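**Q** Please find one structure pasted underneath; my questions will follow.
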Amino acid sequence: MVVELDRLRYSADNCSIARTLDLVGEKWTLLVLREAFYGIRRFEDFHSAIGCARNVLSARLGKLVANGILERRPYREPGRRARSEYRLTAKGLELQPVLMALMEWGDRWRADATGPPVRVRHRDCGAEVNVELRCQEGHAVSSAGETYVTPGPGALEAA
C-alpha cells in the first residue's frame, strides 16, 4: 500500500528545501561554492573569479563560515599581514552533488553551441563524473515519475 503525501494537508513551513535555499540559494553564494569546489581558497581569488562586489563576497563567505560550510584558516605570506583562506568542511563537501546537478542541468539546457565549459572527472581513472539518483535498494531513478513523496517525521499538519 502506497501512502502518498496529500500536499495540501501538510504545511510548507517545515521544509528542508526552503531552509537550504535560505543558506545557499543566492547567486553569489552558489558561485562562491562553485569556486571552492574548483580549489579557490583566498578572498582575492574568489573576487577575481566571481566578480561580485567585495562587501557582497565578504558577507557570503561570512555566512558560509558561520553555518559550518566553509572554515576560515589563517595564512601569512612573507612580509605581508595575516589573512584567511576558506576551505570546504565535511558539511560543505556534501553540497558537491547539488552543485553538480545544477551544472548538469545547465549543460543540458543552458550551454551555448560550443558545449559545456567544464567537465568533472574522477581523479583515479579520468572518467566523467555524473550525478545519479538511486533508491536505497540500488535501483537507478531516471525521472520524477518513478518517485512519490510520503510524510516524514517532521511533517506538520496544515492549519
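**Q** Across the range 106-125, which residue is nearest to the chain's Cα centre (by Cα) among those that are of a type in the set (Gly, Ala, Ser) and surrounded by 10 or more Cβ atoms within 10 Å (Cβ to Cβ)?
**A** Restricting to residues being of a type in the set (Gly, Ala, Ser) and surrounded by 10 or more Cβ atoms within 10 Å (Cβ to Cβ), the top hit is 106.
**Q** While we're looking at this one, here's another question. Among the listed residues 102, 31, 64, 88, which satisfies the condition of being open to solvent by 70 Å² or more (accessible area, probe 1.4 Å), at pLDDT 95 or above and closer than 30 Å to residue 132 by Cβ?
**A** None of the others qualify; the one that does is 102.
**Q** Could you list, in sequence order, all residues of the range 1-37 that are assigned to a loop (DSSP other than H, G, I, E, B), closer than 30 Å to residue 157 by Cβ and within 19 Å of the chain's Cα centre (by Cα)?
**A** Within the range 1-37, 15, 25 meet the criteria.
**Q** So which residues in the range 126-150 are assigned to a loop (DSSP other than H, G, I, E, B) and either among the hydrophobic types (A, V, I, L, M, F, W, C) or open to solvent by less than 50 Å² (accessible area, probe 1.4 Å) (or both)?
**A** Matches in the range 126-150: 126, 127, 129, 131, 135, 138, 149.
**Q** List the residue pairs whose Cβ atoms are under 7 Å apart, where the first residue sits in the range 39-68 and is over 12 Å from residue 87 (Cα atoms) and without any contact (Cβ under 8 Å) to a residue 12 or more places away in the chain, the second is part of a helix (DSSP H, G or I) and open to solvent by 60 Å² or more (accessible area, probe 1.4 Å), and the two are 6 or more positions apart or on different chains.
**A** 47/54
**Q** Please go through the range 38-59 and give me each residue that is part of a loop (DSSP other than H, G, I, E, B) and out of contact with any helix residue (DSSP H, G or I) (no Cβ under 7 Å at 6 or more places or on another chain), ordered by number.
**A** Across the range 38-59, the qualifying residues are 38, 39, 41, 51, 53.
**Q** Moving on. May I ask you to list pairs of residues, at least six apart or on different chains, whose Cβ atoms are under 8 Å apart, with the first in the range 138-159 being closer than 13 Å to residue 7 by Cα and the second being acidic (Asp, Glu)?
**A** If the second residue must be acidic (Asp, Glu), the pairs left are 148/4; 149/4; 150/4; 156/13.
The values are calculated or read from the model by the stated rules, or taken from the named source; none is laboratory data. The structure displayed is predicted, hence computed values, not measured ones. Neighbour counts run over all protein chains shown; Cβ positions are idealised from the backbone, glycine included. The protein model used for the area step is the full one, side chains on, heavy atoms only, and it has no ligands, DNA or RNA in it. Shrake-Rupley method; radii C 1.70, N 1.55, O 1.52, S 1.80 Å.
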